[in-house]
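**Q** Would you mind keeping the following structure in view while I ask a few things?
The values are calculated or read from the model by the stated rules, or taken from the named source; none is laboratory data. This one's a predicted model, so the numbers in the text were calculated from it and none came from an experiment. All Cβ positions, glycine included, derive from the backbone under ideal geometry; neighbour counts span all protein chains shown. Ligands, DNA and RNA are excluded from the accessible area calculation, which covers all protein heavy atoms including side chains. Shrake-Rupley method; radii C 1.70, N 1.55, O 1.52, S 1.80 Å.
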Amino acid sequence: MNERANQPAMISERYNPGAAEPKWQSVWDENGTFVTENHDPRPKYYVLEMFPYPSGRIHMGHVRNYTMGDVVARYKRAKGFNVLHPMGWDAFGMPAENAAMQNKVHPKEWTYENIANMRAQLKAMGLSLDWSREFATCDVDYYHRQQQLFLDFFEKGIVYRKESKVNWDPVDQTVLANEQVIDGRGWRSGAVVEQRDLTQWFFKISDESEDLLEKLDTLKEWPEKVRLMQRNWIGRSEGLRIHFEFSGPKPANHESIEVFTTRPDTLFGASFMALSPEHPIAATIAKDDPALQDFVEECRRLGTSVAALETAEKKGYATGYSVRHPFVENQELPVYVANFILMDYGTGAIFGCPAHDQRDLDFARAYGLPVRPVVVPEGTEPESFEVGDVAFTEDGLLANSEFLDGLTIEEAKEEVASRLETRTVSEKPAATRQVNFRLRDWGISRQRYWGCPIPIVHCDTCGVVPVKSEDLPVKLPDDVVIDRPGNPLDRHDEWRNVACPKCGKPARRETDTMDTFVDSSWYFARFTDPKADDPTNPEVANAWLPVDQYIGGIEHAILHLLYSRFFARAMSKTGHLAVDEPFKGLFTQGMVTHETYRTDTGDWKSPAELRFEDVDGTRRAFDRETGEEVSIGGIEKMSKSKRNTVDPTDILETFGADTARWFMLSDTPPERDLEWTSKGAEGAFRFVQRVYRLFYEFQNLNPEVKEMSNFGSDALEIRKAAHAALANVESDIEKLGFNRAVARIYELVNILGRIELTADMKEDVLAAYSEALTILANIMAPMTPHLCEECWSLLGSKSLLAEAPWPTCDHQLLIEDLITLPVQVNGKKRGSVTVAVDADQQSVEDAVLAEDFVQKALDGKPPRKLIVVPKRIVNVVV
RNA sequence: GCCCCCUUGGUGAAAUUGGUAAACACAGCGGACUUAAAAUCCGUAGCCUUCGGGCUUGCCGGUUCAAGUCCGGCAGGGGGCACCA
């Protein structure tokens, strides 16, 4: 134990966070208080916050996120768990390259400098992190193991290459994610985005669709909202694949068109077939049809950009071919190629049933195709039912459908499926039941420098050859020039040209790097043994995982969390883990918001530039320099563009970490958006001072506290209040109800603050007060650890509060002898009655009926009903 | 367009999951201490009232002895997906 740990940082009337916070941080650090051992007999608890991107400075969102995680970590540690609470850096990505281009600084240098800055900021928050496990995803040691994972996935067929359409920015010479294409243009360059076919690496996440969907039900400690979003994203639908045979001429090598439908019940309403422009049959037909070639080319040009999709009309090209209706003799359906059919969902072909699908209806109206309703609302005559411009997609009964007439939709689906299953079309079953998913494979290739290199070599003789494990890591070259768009790895011949690992002939490295989402898909596993030679030490990783409580922003509800769930499965299949679900508990915190300010000319102003005045009861804002009035706008997420940010560093310097932490936890439930206000921060600071004063004044009294066994009623009240707060704070933290825990602490502090400390205090009151302060320091410590450590030492403790066990609640104290029940008359509260807590039904009834206000209400008559809810309420019905 | 969530005082919210609506805090108001300020402390506070009481959880209706909580409808706000057959 460090010598200084015995002593408070100061003994003064006012708490000085500037002195206390660094002191206690270094004491914890020197004592290794938060270093976690992998082998420990205590039960494990893994709490993790989403690791930050090292942008250079922490923001209020980080403060909120990491404060919540720290409360849980400190609380669980006090409760006797071996807590793993690590921190690292999601350090690859575009901003480093952009900074490199703008400021002529190497991405590596820029990133590590940012990390150093942000680490110092996080340390100033007093987080109970095990910094010995820290790593950045751009550390060679980390991406080395990621390359090993890639090779293992490759061997198991979990990763593969395929040609796919990408959004290509011709100016920046890179692939853009769909989110980076705005109105058909690149978000940075503004260039019109092209559709290109590129060969890209993919993870086979779609193989796990069913499991990823099913296991969502087991994630009971996840927000329902996130599970729903994932469910929709995976997008399961059940349906039927049906072969439609060509009637008359057939395109070369094709006997039939296979479609996927979720509405086989509407088969009799079919009036056309439509193929995706990318469908192989369309390509076959186009060979002999220049007009179709033109049409396909036009669709390709319009592409899949959001803007194109929103405005595109339904367009089609009649191929002249047609197929047979499976049930209606002599009915032929014309085959179109249509721009609204997606190749990568289902089979890339549909049968169109205009009456019951809006898209099909729009198409049919444009091309004069028949619209025949085959489902009508119950109780409607089929003859009188017509479809106008809106397709009928609601429930109803089958009509105009021969053997299906009168059936429900579900019955009809089943009937069609069972009839077609047993039939054959060119020796294959005419239909098969199938489950389809919206989820597509995860394309991970990025044409960028600052990412994890894909450990593959392309050889003219051997093709795609994985780098040998023993030759890993494939290190990023440091000597790159990032002065123009495109991937500098492509231009780095020395790095690029290597011998083929198989045949030794000259070959070329894969120059694509991995999507940064890959990096963040397994970091939680690496934290369990960050120095291991393999990606994980399975024994250790399996002991720690799953993460018991994961905390982060809702913006990661789908991609990051889904990818991580996929990775856990893929890593389990390759022997690195034995868990499928990486995160047992998930909590998504709300954003930090702030008022916005704008000048008449529309410029945003930051709160630091303004001074505020109350003019006739309204708050108004003025520019500090020019005095110009600025209008106060809406409360929005803190963002650089709206300039409504507050720098955590300023707050830490002015008020200290504990004030910032306390504010973050107070008032607003953690899942909701929290508005940062300077008044609120000042209020939190005042409270920190108030708590300190309780301890300061107590130690100033220099009391001699004796062990007591008998307490008078005053002392008992204090003890009750303290133990009630203890019990409540405990259950609130367990439920992550930090705002409620804060309110309970206010209550206790209010009660203690009303007690006057005097030299001649009764011994039992003194003992109770001392006990209450001890409890207060303990239950508040997870939230304001420096303050509480300081107060703890003021009480004369020789040990560290951060290492102290959670106090035990004396539940006997919380049991009352008497209870006051509200009494309602006809459901409205009219009074109350005080009875023994264990009073039986009859004696409560007697007590209630003896009350004047009840007698008055009854007016001499017996009650019609007398409801007694034990320990809750009484209701007299007259 | 489809799916989901939310709506409680001036403000952030609480309410043991159907049982006293507004705990706790912020802002306010009144007061004490002080030459003054800062700091601190005490008090006060949903609305209406003929002072008996009446009304009150976005609006309308329902179930119930009892509804912020459950059910149906409507309005407003937010989010996710988006030509997914």
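**Q** When the residues of segment A:348-390 are narrowed to those that are among the charged types (D, E, K, R) and either at positive phi or touching a strand residue (DSSP E or B) at 6+ places or on another chain (Cβ under 6 Å) (or both), which ends up nearest to RNA strand B (Cβ to nearest atom)?
**A** A:Asp360
**Q** Suppose we filter A:Asn400, A:Asn330 for residues that are among the polar types (S, T, N, Q), away from RNA strand B (no atom under 13 Å from the Cβ) and in contact with a Gly (Cβ under 9 Å, 6 or more places away or on another chain); which single one remains?
**A** The conditions single out A:Asn400.
**Q** Residue check: is A:Ala725 touching a Lys or Arg at 6+ places or on another chain (Cβ under 7 Å), of a type in the set (Gly, Ala, Ser) and crowded, with 17+ Cβ neighbours inside 10 Å?
**A** Yes; evaluated as a whole, the condition is true for this residue.
**Q** Please find, within segment A:789-839, the residue that is modelled with the highest pLDDT out of those that are under 41 Å from the mean Cα position of the chain (by Cα), among the charged types (D, E, K, R) and open to solvent by 40 Å² or more (accessible area, probe 1.4 Å).
**A** A:Glu803
**Q** Another one. Among the numbered criteria (1) at pLDDT 90 or above; (2) more than 36 Å from the chain's Cα centre (by Cα); (3) within 14 Å of RNA strand B (Cβ to nearest atom), which single criterion is violated by A:Lys314?
**A** A:Lys314 satisfies every listed condition except (1).
**Q** Now for a different question. Considering only residues of segment A:350-366 that are in contact (Cβ under 8 Å) with a residue 40 or more places away in the chain and surrounded by fewer than 19 Cβ atoms within 10 Å (Cβ to Cβ), which is nearest to A:Arg241 (Cα to Cα)?
**A** Once the filter is applied, the top-ranked residue is A:Arg359.
**Q** From A:Thr654, A:Thr649, which residue is away from RNA strand B (no atom under 15 Å from the Cβ), in a helix (DSSP H, G or I) and surrounded by fewer than 17 Cβ atoms within 10 Å (Cβ to Cβ)?
**A** Testing whether each residue is away from RNA strand B (no atom under 15 Å from the Cβ), in a helix (DSSP H, G or I) and surrounded by fewer than 17 Cβ atoms within 10 Å (Cβ to Cβ) leaves just A:Thr649.
**Q** So, in segment A:60-115, exactly how many residues are among the acidic types (Asp, Glu) and under 20 Å from A:Met664 (Cβ atoms)?
**A** The total comes to 1.
**Q** Restricting to segment A:729-738, what's the tally of residues that are near RNA strand B (Cβ under 10 Å from one of its atoms) and either among the aromatic types (Phe, Trp, Tyr) or over 21 Å from the mean Cα position of the chain (by Cα) (or both)?
**A** Qualifying residue count, segment A:729-738: 3.
**Q** Follow-up question, since we're still on this one. One residue is enough: does segment A:447-464 have a residue meeting the conditions part of a helix (DSSP H, G or I) and open to solvent by less than 60 Å² (accessible area, probe 1.4 Å)?
**A** no
**Q** On to the next question. Quick check on my filter: what residues within segment A:482-528 are assigned to a strand (DSSP E or B), of a type outside the set (S, T, N, Q) and open to solvent by less than 20 Å² (accessible area, probe 1.4 Å)?
**A** A:Ala507, A:Met514
**Q** Look at segment A:546-559 and say how many of its residues are part of a loop (DSSP other than H, G, I, E, B) and open to solvent by less than 10 Å² (accessible area, probe 1.4 Å).
**A** 1
**Q** Shifting gears a bit: A:Leu701 versus (1) closer than 18 Å to A:Ser793 by Cβ; (2) at pLDDT 90 or above; (3) of a type outside the set (Lys, Arg); (4) more than 13 Å from RNA strand B (Cβ to nearest atom): which is the lone unmet condition?
**A** Status for A:Leu701: all satisfied but (2).
**Q** Continuing with the same structure: Quick check, is A:Ser770 more than 39 Å from the chain's Cα centre (by Cα) and outside any helix (DSSP H, G or I)?
**A** no
**Q** Tell me, which residue of segment A:257-279 that is open to solvent by 20 Å² or more (accessible area, probe 1.4 Å) and either of a type in the set (Asp, Glu) or within 16 Å of A:Ser426 (Cβ to Cβ) (or both) is modelled with the lowest pLDDT?
**A** A:Glu278
**Q** How many residues are more than 9 Å from RNA strand B (Cβ to nearest atom) and more than 14 Å from A:Val63 (Cβ to Cβ) when one looks only at segment A:679-693?
**A** Matching residues across segment A:679-693 total 3.
**Q** May I ask you to list the residues in segment A:588-605 that are open to solvent by less than 30 Å² (accessible area, probe 1.4 Å) and under 13 Å from the mean Cα position of the chain (by Cα)?
**A** Once the filter is applied, which keeps residues that are open to solvent by less than 30 Å² (accessible area, probe 1.4 Å) and under 13 Å from the mean Cα position of the chain (by Cα), segment A:588-605 yields A:Thr588, A:Gln589, A:Gly590.
**Q** How many residues are open to solvent by 50 Å² or more (accessible area, probe 1.4 Å) and not charged (D, E, K, R) if we restrict to segment A:696-710?
**A** 7
**Q** For segment A:560-587, enumerate the residues that are open to solvent by 50 Å² or more (accessible area, probe 1.4 Å) and under 19 Å from A:Met229 (Cβ atoms).
**A** A:Lys584
**Q** Which residues, taken from segment A:740-765, are more than 16 Å from RNA strand B (Cβ to nearest atom) and touching a Lys or Arg at 6+ places or on another chain (Cβ under 8 Å)?
**A** A:Glu763
**Q** Just need a number here: residues in segment A:465-481 that are exposed (fewer than 15 other Cβ atoms within 10 Å of the Cβ), modelled with pLDDT of 95 or more and of a type in the set (A, V, I, L, M, F, W, C).
**A** Qualifying residue count for the region: 0.
**Q** Is there a residue being more than 36 Å from the chain's Cα centre (by Cα), over 25 Å from A:Phe517 (Cα atoms) and more than 15 Å from RNA strand B (Cβ to nearest atom) anywhere in segment A:256-274?
**A** yes
**Q** Quick check on A:Glu845: is it modelled with pLDDT under 90, in a helix (DSSP H, G or I), on the phi < 0 side of the Ramachandran plot and of a type outside the set (Gly, Ala, Ser)?
**A** yes
**Q** Could you check how many residues of segment A:323-349 are hydroxyl-bearing (Ser, Thr, Tyr) and open to solvent by 50 Å² or more (accessible area, probe 1.4 Å)?
**A** 1
**Q** Considering only residues of segment A:664-678 that are within 10 Å of RNA strand B (Cβ to nearest atom) and open to solvent by less than 20 Å² (accessible area, probe 1.4 Å), which is nearest to the chain's Cα centre (by Cα)?
**A** Among those residues, the one meeting the criterion is A:Pro670.
**Q** Please identify the pairs in which a residue from segment A:619-635 that is over 18 Å from A:Lys679 (Cα atoms) has its Cβ atom under 9 Å from the Cβ atom of a residue that is among the small types (Gly, Ala, Ser) and in a strand (DSSP E or B), counting only partners at least 6 apart or on another chain.
**A** Between residues of segment A:619-635 that are over 18 Å from A:Lys679 (Cα atoms) and residues that are among the small types (Gly, Ala, Ser) and in a strand (DSSP E or B), the close pairs are A:Glu629/A:Ala621; A:Val630/A:Ala621; A:Ser631/A:Ala621.
**Q** Sticking with this structure for a sec: Could you look through segment A:225-246, keep only residues that are within 7 Å of RNA strand B (Cβ to nearest atom) and within 16 Å of the chain's Cα centre (by Cα), and pick out the one that is most open to solvent (accessible area, probe 1.4 Å)?
**A** Filtering first and then ranking leaves A:Lys225.
**Q** Something else: Checking the conditions here, which among A:Ala73, A:Ala78, A:Ala99, A:Ala177 is modelled with pLDDT under 95, open to solvent by less than 40 Å² (accessible area, probe 1.4 Å) and over 18 Å from A:Pro488 (Cβ atoms)?
**A** Unique residue meeting the criteria: A:Ala177.
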